[in-house]
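Visitor: Quick one: structure below, then a few questions.
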Amino acid sequence: MSWIKLEDASQLNAIKEESNEKPVVIFKHSTSCSISGMAWNRLQRNWKDGDSEKFTPYYLDLLSYRALSNAIAEEFNVTHASPQVIVVKGGKAVYNNSHMGINYNEIVSLEV
């Protein structure tokens, strides 16, 4: 599974643009949190090879880029959580869930 590292606020504009072509999945991960680790592992186990054809997947290490996590929350008008998945489609967040509420089937049902 090949997720794009989200490391700079300038990527948010690219995400908004990309989401006009196909949805973008952002996974915000707290690398020191066991619940975040479980949610990340569960998503990785379910993610299929072809899913990257339907979605552009981004991964944010929230501990290293906390300011960027806050910028994501502001840009897409979602409350910050960790772990958190945000799906952006047409420049707007169309799915936002956290912790054990992160649901692979709900995410993939949002494809174009």
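Visitor: What is the sum of charges, Lys and Arg at +1 and Asp and Glu at -1, for the other residues whose Cβ falls under 13 Å from the Cβ of Trp40?
Guide: Charge balance in the 13 Å sphere: +2.
Visitor: Roll a 1.4 Å probe over the protein heavy atoms and report the accessible area of Leu62 in Å², nearest 10.
Guide: Taking all protein chains as shown, Leu62 has close to 10 Å².
Visitor: What whole-number value in Å² describes the accessible area per residue of the chain for a 1.4 Å probe?
Guide: Value for the chain: 52 Å² per residue.
Visitor: Let me ask you something else. Rounded to the nearest percent, how much of the accessible area of the chain (1.4 Å probe, protein heavy atoms only) is carbon and sulfur?
Guide: 45
Visitor: On to the next question. Quote the charge dipole size of the range 1-53 about the Cα centre in Debye, to the nearest 20; the model charges only the Cβ of Lys and Arg (+1) and of Asp and Glu (-1).
Guide: 320
Visitor: Okay, moving on. For His29, His99, give the ranking by accessible area with the largest first, probe 1.4 Å.
Guide: His99, His29
Visitor: For semi-axes √(5λ) of the Cα gyration tensor in Å, one of (i) 27, 16, 11; (ii) 49, 13, 11; (iii) 18, 17, 12 was computed from the structure I shared and the rest are decoys. Which label?
Guide: Comparing each candidate, only (iii) matches the computed number.
Visitor: I need to check one value: relative contact order of the chain, counting alpha carbon pairs closer than 8 Å and at least 6 residues apart, in percent.
Guide: Relative contact order comes out at 37 percent.
Visitor: May I pose another question? Each label point is 7 Å from the Cα along the Cα-to-Cβ direction; what then is the distance between the points at Ser32 and Asn20, in nm?
Guide: For the pair Ser32/Asn20, the computed spacing is 4.0 nm.
The values are calculated or read from the model by the stated rules, or taken from the named source; none is laboratory data. What you see is a predicted model, and the numbers here were worked out from it, not measured in a lab. With ideal geometry, Cβ positions are generated from the backbone for all residues, glycine too; neighbour counts draw on all protein chains shown. Accessible surface areas use protein heavy atoms only, side chains included; no ligands, DNA or RNA. Shrake-Rupley method; radii C 1.70, N 1.55, O 1.52, S 1.80 Å.
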